[in-house]
Protein chains: 2
Amino acid sequence: MVSEQKQKLTIKQVAEAAGVARSSVSRAFTRPEMLSPETVRRVLDAAEQLGYVPNQTARALSTGRHGNVALIVPDIANPFFPPLIRAAQMEADRSNFCVFLGNSDEDPKQEDKLVGRFVGQVEGLILASSRLSDERIRAHAAQRPLVLINRDVDGIPRVLIDSGSGVREAVAHLAELGHQHIVYVAGPATSWSNKQRRFAARKSAERLGLKVDIVAAIVPSYDAGREAVAAITATGATAAIAFDDLTAQGILAGLADRNISVPGQFGVVGCDDVLGAATYPSLTTVSNRSVEAGKAALSLLLELLQSQSPRDIRYVLDTHLVVRNTTVGHKE
Amino acid sequence: MVSEQKQKLTIKQVAEAAGVARSSVSRAFTRPEMLSPETVRRVLDAAEQLGYVPNQTARALSTGRHGNVALIVPDIANPFFPPLIRAAQMEADRSNFCVFLGNSDEDPKQEDKLVGRFVGQVEGLILASSRLSDERIRAHAAQRPLVLINRDVDGIPRVLIDSGSGVREAVAHLAELGHQHIVYVAGPATSWSNKQRRFAARKSAERLGLKVDIVAAIVPSYDAGREAVAAITATGATAAIAFDDLTAQGILAGLADRNISVPGQFGVVGCDDVLGAATYPSLTTVSNRSVEAGKAALSLLLELLQSQSPRDIRYVLDTHLVVRNTTVGHKE
DNA sequence: CTAAAGCCTGCAACCGGTTGCATGTCAATG
DNA sequence: CATTGACATGCAACCGGTTGCAGGCTTTAG
């Protein structure tokens with residue numbers, strides 16, 4: 001029976017109950033092979049009986065291992081992240097790690113502040129789509145093992161979702177459909193993914209002889225996409241590739257406001273495939289590997305914690321175009 | 001200049017640099033009013049110059065305050081939770097608290113395990129839509145301040161989103177439209193919200209003289225909703241109220257598969273308003289107060305940590321029906 | 001001018017574990 | 001039978017702060 005004590009259970013009471021030294025109790029938990037099986041059993045029994053559970057904080061203080069990691073994302077509410085967070089969290093769980101979650105709100109200052117708050121209590125951190133400067137990232141990485149997701153900084157272990165491949169497929173797809181002038185609706189300037197997508201769009205459009213314009217949406221959101229439509233139509237393009245699905249969804253709404261039919265008069269492609277087929281028309285988009293990315297980043301971090309090998313790791317996941325109904329007509 | 005030292009900075013070095021005792025350094029940070037302004041400045045300068053930052057773990061060990069709270073949800077990827085998590089996290093942030101995030105995966109065992117893992121490192125916990133038994137919740141609440149979201153256990157501080165009010169409005173709305181037989185598509189059996197919604201649906205349907213059937217979807221998800229459609233149509237009802245928007249969205253898909261038009265032949269109402277107007281037709285649903293709930297729960301918890309007053313708090317947020325196009329025709 | 005009252009600051013114990021080293025026991029070995 | 005070594009356990013220092021208490025110095029009151 002676990003008695004409802006006032007939380008006063010320390011290693012000392014267990015030691016007394018089992019008739020051994022405090023150190024033996026400690027070892028019974030952490031290195032039982034050092035003790036005789038008989039002693040281990042006696043200690044464990046006493047602990048069980050008292051309802052003792054080792055104090056994680058005290059342990060962390062003397063060993064330096066907290067069993068915690070931190071994960072910082074720009075916006076939890078952006079549907080790209082929850083599956084990633086979930087995957088990371090479950091992976092951490094398998095190794096009995098706890099994860100701190102931070103929301104930087106797309107703000108480098110806030111992100112910096114969060115890192116500072118977390119760093120003293122974790123063994124390592126993961127920054128997803130970090131908005132920090134390379135310099136700050138390097139500074140933090142010097143303090144603690146650090147893994148990046150969707151951010152490419154030399155020498156820092158990173159997991160990258162290569163949306164370039166999917167975007168190239170998207171451009172080719174649009175070209176095949178006869179579009180000759182497209183627009184890329186950009187996301188946050190500090191976003192690595194955005195740079196990558198913009199570059200891929202421009203590059204492959206040029207190669208295929210398409211004209212391409214860039215329109216900025218700054219913050220990736222439904223509203224930003226909706227507002228960007230004025231600028232988009234002003235370019236005279238006949239199709240848009242948006243930084244992400246949320247933006248694309250906003251664009252769809254903006255086009256509907258103007259009675260421009262999709263895909264008839266205008267084609268739209270998203271990125272990240274976070275909406276499933278839930279939009280109307282269902283969104284053609286670039287597939288997402290966020291679950292794998294979250295899982296990979298976490299296990300990479302744990303691996304780094306084990307072997308202090310500071311190898312330069314760059315793990316890339318490629319993507320593909322998922323064709324739905326915002327580029328090609330349905331039911332025709 | 002912050003030198004790139006090996007993390008060896010302790011209170012001791014600062015004490016030496018400033019020419020004071022360790023205790024004075026400690027006080028300079030925690031209770032400057034106890035020291036002469038001159039000393040405080042000297043210590044802070046030295047600390048600044050060395051790049052010293054107090055060790056949170058050591059501090060937690062002696063004070064018992066970790067500055068951490070834990071938040072456990074059944075499924076991060078369920079769009080109901082991210083805004084709630086985000087709100088909670090930002091509220092914690094305002095008080096310099098760090099938040100551990102746990103994903104119970106809808107599994108009581110897992111939830112229990114997570115609580116156990118977190119409890120040693122946090123000052124308090126928040127369980128959102130807990131799947132634990134009342135008994136377990138009480139046991140945990142006895143150890144640490146604990147706030148529930150969408151779970152009503154006597155004596156445990158709780159924040160409840162009263163979807164009952166919105167569901168009643170939904171039933172009235174359907175009755176007004178002429179529906180005489182509706183079905184409630186249920187969610188997880190252990191979910192308080194589910195019980196509440198089912199009860200409200202049944203009760204107000206009876207009062208208005210509608211026939212009501214219950215169909216189970218068990219796990220709230222798109223797929224579950226889609227699969228439930230067979231059972232739904234089998235009842236002969238002409239409208240459904242789903243446990244949540246995800247389920248409702250699945251139902252829309254299932255109905256489309258069967259070429260049943262919405263809202264013409266069948267009416268659908270969701271709950272939680274997590275999809276905005278993104279479905280097609282846009283979903284009539286019950287509004288959600290998850291952001292407020294997250295924020296309220298966190299600040300309630302922090303408040304409890306301050307004043308050890310074990311009052312019985314029950315904070316209720318009411319909801320309303322948001323009428324869109326899955327119940328009444330659009331463009332007519 | 002002396003005593004009482006503050007105000008600062010340092011000492012040392014403490015939070016609850018972990019771990020290097022020393023000690024003691026017992027069996028294997030020469 | 002004495003020596004060596006393996007093994008099990010205890011001692012005490014340490015992780016990096018916090019805090020009750022006491023002492024020294026200055027200020028205020030008598």
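The values are calculated or read from the model by the stated rules, or taken from the named source; none is laboratory data. This one's a predicted model, so the numbers in the text were calculated from it and none came from an experiment. Because the Cβ atoms are built from the backbone with ideal geometry, glycine has one as well, and the counts that use them run over all protein chains shown. Ligands, DNA and RNA are stripped out before the accessible areas are found, and what is left, the full protein with its side chains, is counted by its heavy atoms. Shrake-Rupley method; radii C 1.70, N 1.55, O 1.52, S 1.80 Å.
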Mind checking which residues of region B:119-151 are of a type in the set (S, T, N, Q) and either open to solvent by 10 Å² or more (accessible area, probe 1.4 Å) or at pLDDT below 95 (or both)?
B:Q121, B:S129, B:S133, B:Q143
Closer than 20 Å to B:I85 by Cβ, out of contact with any Lys or Arg (no Cβ under 7 Å at 6 or more places or on another chain) and at pLDDT 90 or above - does that describe any residue in region B:248-269?
no
Checking B:P74 against (1) within 14 Å of chain A (Cβ to nearest Cβ); (2) within 12 Å of DNA strand C (Cβ to nearest atom); (3) out of contact with any helix residue (DSSP H, G or I) (no Cβ under 6 Å at 6 or more places or on another chain), only one condition comes out false. Which one?
(2)
Would you pick out the residues in region A:22-77 that are β-branched (V, I, T) and closer than 17 Å to B:L61 by Cα?
A:V53, A:T57, A:T63
Given the structure, is B:D107 more than 9 Å from chain A (Cβ to nearest Cβ), farther than 20 Å from B:C271 by Cβ and open to solvent by 10 Å² or more (accessible area, probe 1.4 Å)?
yes
Test A:D223 against the criterion of being assigned to a helix (DSSP H, G or I), in contact with a helix residue (DSSP H, G or I) (Cβ under 9 Å, 6 or more places away or on another chain) and open to solvent by 40 Å² or more (accessible area, probe 1.4 Å), and give yes or no.
yes
I'd like to know if region A:98-113 contains one or more residues that are at pLDDT below 95 and more than 17 Å from B:D93 (Cβ to Cβ).
no
Kindly evaluate B:P74 against the criterion of being open to solvent by 10 Å² or more (accessible area, probe 1.4 Å) and within 38 Å of the chain's Cα centre (by Cα).
no
Here is a list: A:Q49, A:Q13, A:Q56. Which entry is open to solvent by 50 Å² or more (accessible area, probe 1.4 Å), within 14 Å of chain B (Cβ to nearest Cβ) and more than 7 Å from DNA strand C (Cβ to nearest atom)?
A:Q56
Exactly one condition in (1) open to solvent by 20 Å² or more (accessible area, probe 1.4 Å); (2) touching a Leu at 6+ places or on another chain (Cβ under 6 Å) is not met by A:K295; state its number.
(2)
Consider region B:16-42. How many of its residues are more than 14 Å from every other protein chain (Cβ to nearest Cβ), within 11 Å of DNA strand D (Cβ to nearest atom) and in a helix (DSSP H, G or I)?
9
Taking region B:48-63 and keeping residues part of a helix (DSSP H, G or I) and either touching a Pro at 6+ places or on another chain (Cβ under 9 Å) or within 6 Å of DNA strand D (Cβ to nearest atom) (or both) leaves B:A58, B:R59, B:L61, B:S62, B:T63
So, in region A:204-220, how many residues would count as being in a loop (DSSP other than H, G, I, E, B) and in contact with a His (Cβ under 8 Å, 6 or more places away or on another chain)?
1
